[in-house]
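Read-outs throughout are calculated quantities, based only on the coordinates presented, and are distinct from any laboratory measurement. Everything numeric here is computed off the predicted structure, so don't read it as measured data. Cβ coordinates were reconstructed from backbone atoms using ideal geometry, including for glycine residues, and neighbour counts include every protein chain displayed.
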């Protein structure tokens, strides 16, 4: 495609410069073409609404009794720092519900006065948020109590 002869002379000329105004910085020039957010915070609100939470599952009396037995056995053997796997409900700070997470660690103590289970790395799990507890030592101890 060839340019018409009329514009050939403009092809190799430098761009015009104003004698009154300083040239705009590249950052300010780029800002002119940046996307415009008409509603400030709208994207964050949409992301928050789309974030899923789970309701807290109820624990039956039977499950609570089983959980209490497991905690008392772990408390009695806490000095051995047994390895534990915990299913914990973590309430959401912004909306109703939360998420269930599985934590692995070494037990330091079961503090019934403060209502927390303390892991070896000093992480504290509120007993009210504890949903399930499993540990290799529990399997052995529970077999012994059944016999």
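One table, with the values for the structure above:
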read-out	value
Tail beyond 18 Å, pair distance distribution of region 10-52 (Cα, percent)	62 percent
Efficiency of FRET from Cβ geometry, residue 29 and residue 122, R₀ 41 Å, rounded to 0.05	0.20
Listed candidates (1) 20.9; (2) 8.2; (3) 10.4 - label of the one calculated as mean projected area of the Cα convex hull in nm²	(1)
Spin-label pair residue 92/residue 22, simplified geometry with 7 Å Cα→Cβ offset, distance in nm	4.9 nm
In degrees, nearest ten, helix 136-146 long axis to first principal axis of the chain (Cα)	30 degrees
Separation of alpha-carbon centers, region 11-71 and region 104-138, rounded to whole Å	36 Å
Highest-first arrangement of 38-44, 106-112, where packing means the average Cβ count within 10 Å	106-112, 38-44
Relative contact order computed over the chain (Cα-Cα under 8 Å; 6+ residues apart), in percent	19 percent
Computed lengthening from residue 52 to residue 114, 0.36 nm per intervening residue step minus Cα-Cα distance	19.3 nm
Contact order normalised by residue count of region 70-123, Cα under 8 Å, 6+ apart, percent	31 percent
Between 0 and 90°, nearest 10: helix 61-76 axis offset from the chain longest Cα axis	80 degrees
FRET E, pair residue 137, residue 44, Förster distance 41 Å, beta-carbon r, rounded to 0.05	0.35
